[in-house]
Amino acid sequence: MLPGFREAAVLLPLLAGPGEEDPHLLFTVRQADLPTHAGQIAFPGGKRDAADRSPEETALREAQEELGLDGDIEVLGLLDDVPTPAGFIITPVVGVLPRQVELRPNRGEVAEVFSAPLSALRRVHQAGPAREFLGVHYVMHEYPYRGWRIWGATAYMVQQLLGLLDAEGAQQS
């Protein structure tokens with residue numbers, strides 16, 4: 001843990017049915033009047049509460065609060081922590097939801113919800129300039145998809161997930 005940073009976790013919700021060849025990744029659009037990250041595309045998640053025993057618990061609690069998602073989430077694992085300039089260390093939690101999941105967005109936090117197929121995200125990926133943060137060089141990723149601009153920490157997490165899936169696919173070939 002970095003001094004002065006707050007712990008947070010997000011759920012990277014993969015929508016997949018039985019035998020699904022091209023799962024979709026579910027995104028939220030934050031309300032425009034929120035005090036932080038207003039109007040940005042994000043994954044459901046937030047600050048870790050004192051009662052949360054793990055990042056998985058934080059991500060699942062937040063997904064329930066923001067989207068009404070209940071027990072139909074199969075947690076697959078964690079990606080690498082992502083420090084942000086806003087002072088958070090975000091732990092991405094990857095989970096699979098059934099394709100026909102019922103969403104009940106909390107309109108106080110979530111303006112819209114949309115999904116994007118992983119294949120489409122691979123096609124629209126744009127690698128931007130490198131930036132330095134906390135002595136580490138990061139490539140800035142962006143995913144322009146159907147009028148949405150997925151960027152920042154969210155894009156970095158998408159890139160992590162796609163990189164792992166692509167590496168797994170290459171190993172199986």
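Considering only the stretch 5-39, state which residues are of a type in the set (S, T, N, Q) and surrounded by fewer than 12 Cβ atoms within 10 Å (Cβ to Cβ).
36
Go through the stretch 123-138 and give me each residue that's at negative phi and out of contact with any helix residue (DSSP H, G or I) (no Cβ under 8 Å at 6 or more places or on another chain).
123, 124, 126, 127, 128, 129, 130, 131, 132, 133, 136, 137
Residue-by-condition table, conditions (1) under 21 Å from residue 141 (Cβ atoms); (2) modelled with pLDDT of 90 or more:
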{"position": "26", "(1), (2)": "yes, yes"}
{"position": "41", "(1), (2)": "yes, yes"}
{"position": "48", "(1), (2)": "no, yes"}
{"position": "51", "(1), (2)": "no, yes"}
{"position": "65", "(1), (2)": "no, yes"}
{"position": "74", "(1), (2)": "no, yes"}
{"position": "81", "(1), (2)": "yes, yes"}
{"position": "86", "(1), (2)": "yes, no"}
{"position": "89", "(1), (2)": "yes, yes"}
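Identify, please: which residue in the stretch 1-29 is of a type in the set (D, E, K, R) and outside any loop (DSSP other than H, G, I, E, B) and is, among those, nearest to residue 90 (Cα to Cα)?
Restricting to residues being of a type in the set (D, E, K, R) and outside any loop (DSSP other than H, G, I, E, B), the top hit is 7.
Would you call residue 51 in contact with a helix residue (DSSP H, G or I) (Cβ under 7 Å, 6 or more places away or on another chain) and more than 24 Å from residue 117 (Cβ to Cβ)?
In short, no.
Just the residues that are outside any strand (DSSP E or B), exposed (fewer than 11 other Cβ atoms within 10 Å of the Cβ) and not basic (Lys, Arg), please, taken from the stretch 109-150.
134, 135, 147
Looking only at the stretch 45-74, count every residue that is within 13 Å of the chain's Cα centre (by Cα) and either hydrophobic (A, V, I, L, M, F, W, C) or part of a strand (DSSP E or B) (or both) and tell me the total.
5
The values are calculated or read from the model by the stated rules, or taken from the named source; none is laboratory data. Everything quoted here is computed from the prediction, not taken from an experiment. So basically every Cβ, Gly included, is an ideal-geometry build from the backbone, and we count neighbours across all protein chains shown.
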